Amino acid sequence: MKEKNKDLIIAGNWKMNKTPKEAEKLINKLKTKNKNSACKIVLCVPFIDIPLATDLTQNTLISIGAQNCYFKKNGAYTGEISAEMLKEIGVEYVIIGHSERRIYFNETDEQINKKINSALNSGLKVIFCIGENLQERENNITEEKLIIQIKNALHKVDKSQIENIIIAYEPVWAIGSGKTPNKDELDHICQIIRNTVFNMGKILPEKISVLYGGSINSKNAKEILTLPNVDGGLIGGASLDIEEFLKIINCTAK
Ligand code: 13P
């Protein structure tokens with residue numbers, strides 16, 4: 001179960017949306033309209049929006065994240081961006097292992113593990129995504145799938161670094177579909193995720209942050225975000241609409 005009094009994390013994953021001009025407008029509105037300081041807000045923006053986003057959010061409670069990084073420090077890797085580069089321009093978080101990267105860009109558990117180690121070693125916090133697809137859910141192998149993803153990703157991660165990893169449970173069938181797991185099922189899975197990390201001898205279950213992502217909106221946010229084993233949300237579509245995003249943030253008011 002989550003640690004009492006730990007602030008919830010509301011992370012927006014903008015995916016490939018918002019040009020720099022659009023990003024500027026959205027961030028400025030968020031800064032003026034957000035009155036809730038009881039949750040941690042993270043905006044995971046496209047690479048091109050990062051310099052502007054970090055500038056606009058200086059001395060605010062909003063942190064900036066990237067949506068990917070490469071695992072090498074530098075070199076002849078055309079088109080890639082390293083964790084070290086992200087750190088230098090003020091990025092605090094990076095999403096690694098999102099299902100869209102696994103599906104459309106063939107990212108493997110092995111690459112994800114290397115990216116996690118590289119991001120942590122560069123001083124970034126990692127939002128590590130896991131989740132089963134519809135077929136795996138229907139075959140009742142959700143738990144097995146998640147456990148394998150966690151074990152592969154945390155391979156060789158130093159015990160002292162685990163606190164810098166946030167695990168985001170994002171069932172692939174729930175992303176952008178309007179569907180979500182029922183609340184008992186969701187809470188149970190988030191507890192299994194906590195216990196898996198604990199059983200690897202790495203960290204106390206309550207110290208681990210577990211987010212849920214997949215079709216969160218202003219109507220279902222409260223029910224999801226108040227579950228005992230859920231420490232926050234990773235929000236896609238609804239984070240692009242400022243009014244909707246603010247309503248989700250306000251669900252976390254203490
Ligand atoms: P939606 O909130 O649009 O379902 O996307 C979730 C997601 O993929 C966040 O990373």
Item to complete: Determine the dipole magnitude for the stretch 139-250: charges of +1 sit on the beta-carbon of Lys and Arg, -1 on that of Asp and Glu, nothing else is charged, the reference point is the Cα centre, and the result goes in debye to the nearest 20.
Response: 260 debye
Worksheet item: If you place +1 on the Cβ of every Lys and Arg and -1 on the Cβ of every Asp and Glu, how big does the dipole about the Cα centre of the stretch 91-143 come out, in debye to the nearest 20?
Response: 280 debye
Discussion item. Among L52, S122, N68, whose Cα projects farthest towards the positive end of the dipole of the chain, with charges put on the beta-carbon of Lys, Arg (+1) and Asp, Glu (-1)?
Written reply: L52
Worksheet item: What residue among F105, F128, F198 has the largest mean-square fluctuation in a Gaussian network model of the chain, using Cα springs under 10 Å?
Response: F105
Worksheet item: Could you work out the helix-only [θ] at 222 nm for the chain, with each DSSP H run of four or more residues adding -39,500 (n - 2.57) and the total divided by the number of residues, to the nearest 500 deg cm²/dmol?
Response: -10500 deg cm²/dmol
Practice prompt. Could you check which residue among Q58, Q111, Q67 shows the biggest mean-square fluctuation in a GNM of the chain with a 10 Å Cα cutoff?
Written response: Q58
Worksheet entry | Per-residue HN-Hα couplings for the stretch 203-210 [Karplus 6.51, -1.76, 1.60; θ = phi - 60°; Hz; x = Gly/Pro] | 7, 5, x, 6, 7, 7, 9, 10
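When ligands, DNA and RNA are left out and all protein chains stay put, how many square angstrom of accessible area per residue does the stretch 87-181 have with a 1.4 Å probe?
Details: 4650 Å² over 95 residues.
Accessible area per residue: 49 Å².
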Response to the item:
Any residue on another chain or 5+ positions along whose placed amide H is under 5 Å from the amide H of A168 is listed here as F128, C129, I130, L211
Response to the item:
For the stretch 55-204, the percent of accessible surface on carbon and sulfur atoms (probe 1.4 angstrom, ligands and nucleic acids excluded) is 46 percent
Item to complete: Would you mind working out the accessible area per residue for the stretch 1-68, using a 1.4 Å probe, and quoting it in Å²?
Response: 52 Å²
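Kindly identify the chain as rounded, prolate or oblate by the Cα gyration tensor criterion: order the square roots of the eigenvalues as a ≥ b ≥ c, call it rounded if a/c is under 1.5, otherwise compare a/b with b/c, prolate if a/b is larger, else oblate.
Details: a/c = 1.43, a/b = 1.07, b/c = 1.34.
Since a/c stays below 1.5, the shape of the chain is classed as rounded.
With a Förster radius of 41 Å, plug the Cβ-Cβ distance of N59 and E80 into 1/(1 + (r/R0)^6) and report the FRET value to the nearest 0.05.
Details: r = 31 Å, r/R0 = 0.75.
In this case the efficiency is close to 0.85.
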Worksheet entry | Set of lysines near K114 by C-alpha distance (under 21 Å), chain-local residues within fewer than 8 positions excluded | K72, K73, K87, K125, K145, K151, K156, K159, K202
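Give me Rg over Rh for the stretch 89-200, both radii from the alpha carbons and Rh done the Kirkwood way, two decimal places.
On the way: Rg = 13.9 Å, Rh = 14.5 Å.
Over the Cα atoms of the stretch 89-200, Rg/Rh equals 0.96.
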Discussion item. For a test of the definition: using alpha carbon positions, the gyration tensor, and the 1.5 limit on a/c, classify the stretch 154-252 as rounded, prolate or oblate.
Written reply: prolate
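Using the Cα centre as the reference, give the magnitude of the dipole from point charges on the C-beta atoms of the chain (Lys, Arg: +1; Asp, Glu: -1; all else neutral), rounded to the nearest 20 debye.
Numbers: 34 positive and 31 negative charges, 115 e Å.
So the dipole magnitude of the chain works out to roughly 560 debye.
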Response to the item:
Scalar couplings 3J(HN,Hα) for the stretch 160-165 by Karplus 6.51 cos²θ - 1.76 cosθ + 1.60 (θ = phi - 60°), nearest whole Hz, x for Gly and Pro, are 5, 9, 4, 5, 8, 10
Response to the item:
Between G176 and residues 5 or more places away or on another chain, the pairs with built amide H atoms under 5 Å apart involve S215
Worksheet entry | Contact order normalised by residue count of the chain, Cα under 8 Å, 6+ apart, percent | 22 percent
Worksheet entry | Anchor K222: aspartates and glutamates whose Cα lies under 20 Å away (excluding residues fewer than 8 positions away in-chain) | E3, D7, E170, D184, E185, D187, D231, D241, E243, E244
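The values are calculated or read from the model by the stated rules, or taken from the named source; none is laboratory data. Remember, it's a predicted structure, so these values are computed and weren't measured experimentally. Cβ atoms come from the backbone with ideal geometry, glycine included; neighbour counts cover every protein chain shown. To get the accessible areas, we keep the full protein, side chains included, count just its heavy atoms, and leave off ligands, DNA and RNA. Shrake-Rupley method; radii C 1.70, N 1.55, O 1.52, S 1.80 Å.
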